[in-house]
Amino acid sequence: MLILKNSNMEDETPLSEQESLALIARMINKVKCDYEESGLSTLLWGGVITFCSIVSFIAFEIDKPWLYNVWDLTILAVIIQVIVVIRENRRKKYRSHSDAIMGGIWISFGTSMFLISFYASKFQIPHANALYLIVYGIPTFATGLSRGFKPMIYGGLACWALAIASMYTQDGYTFLYSAVAAQVAWFIPGLILRKRYQKAKSGNV
Amino acid sequence: MFKELDPILHSQLRLAIMSLLISVKEAEFTFIKEKTNATAGNLSVQVQKLKEAGYIDVTKEFKDNYPNTTCHITQQGIKAFEEYVKALQEYLKVGQSR
């Protein structure tokens with residue numbers, strides 16, 4: 001690769017063809033290297049869903065239905081998520097092409113989850129966790145694929161595999177599958193993203 | 001017959017700005033300044049030239065009580081950039097075959 005003689009670009013000297021192509025590649029690469037997700041949202045949801053699923057499993061085991069109210073925590077998580085998104089957007093100096101697409105996918109996911117929860121509680125559908133796991137897999141797999149982030153691709157696939165397993169498992173035990181899915185699809189990828197983000201941030205100082 | 005290279009794009013800083021903007025949906029002036037290492041004055045002049053050519057759109061607004069300039073590439077800019085890259089490749093192809 002050619003190194004440009006003038007790196008501060010103040011010079012108006014005409015470029016050679018090779019220099020022009022090298023400059024284009026260098027600038028595109030600079031944007032690529034700058035793009036790092038904080039991982040906060042994935043960690044938040046991975047943690048909350050794991051916790052709620054485990055508490056629900058305990059509720060099933062010890063027969064304490066009031067413990068299922070733990071899912072109300074997701075309302076608090078939504079509020080925290082909105083604050084995180086607003087703060088991250090304010091800090092961001094550019095928007096990528098995929099930001100709007102990803103935003104649309106995750107908002108659709110949140111809305112679908114809310115509607116499925118309402119539907120499942122109204123009609124008492126059997127193996128509802130299988131349905132949730134199928135939906136968990138959609139934005140996770142889509143995000144992994146579009147970002148080229150393998151942990152989320154595997155996370156999405158794991159959600160769908162666990163959804164199939166849920167169809168053949170007694171309802172209460174499927175909460176354990178939800179906990180595993182939340183870890184594999186969100187919490188672990190979130191940890192990886194967070195580590196990358198902090199590394200990139202310390203490198204930029 | 002060779003296509004003439006677009007003189008608006010065939011300049012180091014303007015090409016750098018366009019290469020950044022083609023990679024993103026929109027970018028703040030400070031981001032472009034940081035990535036190109038250009039001075040604010042020179043960058044403003046080049047951004048203005050690109051805007052006059054219709055290659056980029058510039059939006060000025062307030063962010064956290066501070067003025068904030070955001071740039072994004074237009075359809076005309078994308079087309080010009082693609083044609084510029086195509087022309088460069090043609091030049092290089094001929095250069096290699098000689």
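The values are calculated or read from the model by the stated rules, or taken from the named source; none is laboratory data. Since this is a predicted model, take the numbers as computed values, not measurements. Don't worry about glycine lacking a Cβ; one is built from the backbone with ideal geometry, like all the others, and counts go over all protein chains shown.
Here are A:Ile49, A:Ile79: which of them is exposed (fewer than 15 other Cβ atoms within 10 Å of the Cβ) and away from chain B (no Cβ under 14 Å)?
Details: A:Ile49 fails: exposed (fewer than 15 other Cβ atoms within 10 Å of the Cβ).
The match here is A:Ile79.
With the checklist (1) crowded, with 18+ Cβ neighbours inside 10 Å; (2) under 23 Å from B:Val85 (Cα atoms); (3) free of Cβ contacts under 8 Å to residues at least 12 places away in the same chain; (4) not polar (S, T, N, Q) in hand, flag the one item B:Phe31 doesn't pass. Unmet for B:Phe31, out of (1) crowded, with 18+ Cβ neighbours inside 10 Å; (2) under 23 Å from B:Val85 (Cα atoms); (3) free of Cβ contacts under 8 Å to residues at least 12 places away in the same chain; (4) not polar (S, T, N, Q): (2).
To keep it simple, each residue is scored yes or no on (1) facing chain A (nearest Cβ under 8 Å); (2) not polar (S, T, N, Q).
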residue: B:Gln12; (1), (2): yes, no
residue: B:Ile17; (1), (2): no, yes
residue: B:Val24; (1), (2): yes, yes
residue: B:Phe31; (1), (2): yes, yes
residue: B:Glu34; (1), (2): yes, yes
residue: B:Ala40; (1), (2): no, yes
residue: B:Val45; (1), (2): no, yes
residue: B:Glu52; (1), (2): no, yes
residue: B:Asp57; (1), (2): no, yes
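Against the condition on the phi < 0 side of the Ramachandran plot, touching a residue at least 60 places away in the same chain (Cβ under 8 Å), among the aromatic types (Phe, Trp, Tyr) and out of contact with any Leu (no Cβ under 7 Å at 6 or more places or on another chain), how does A:Phe175 come out, does it pass? For A:Phe175, the condition - on the phi < 0 side of the Ramachandran plot, touching a residue at least 60 places away in the same chain (Cβ under 8 Å), among the aromatic types (Phe, Trp, Tyr) and out of contact with any Leu (no Cβ under 7 Å at 6 or more places or on another chain) - is met. Give all pairs with beta carbons closer than 6 Å in which a residue from segment B:45-66 that is exposed (fewer than 15 other Cβ atoms within 10 Å of the Cβ) meets a residue that is part of a strand (DSSP E or B); count only pairs at least 6 apart in sequence or on separate chains. Taking only residues 6 or more apart or on different chains, the pairs are B:Val58/B:Cys71; B:Thr59/B:Thr70; B:Lys60/B:Thr69; B:Glu61/B:Asn68.
Among residues that are in contact with a helix residue (DSSP H, G or I) (Cβ under 8 Å, 6 or more places away or on another chain) and farther than 26 Å from A:Arg90 by Cβ, B:Leu50 is included. On the stretch given as segment A:34-46, residues that are away from chain B (no Cβ under 14 Å), in a helix (DSSP H, G or I) and of a type outside the set (Ser, Thr, Tyr) total 5. Would you tally the residues in segment A:64-108 being modelled with pLDDT of 90 or more and assigned to a loop (DSSP other than H, G, I, E, B)? Within segment A:64-108, residues that are modelled with pLDDT of 90 or more and assigned to a loop (DSSP other than H, G, I, E, B) number 1.
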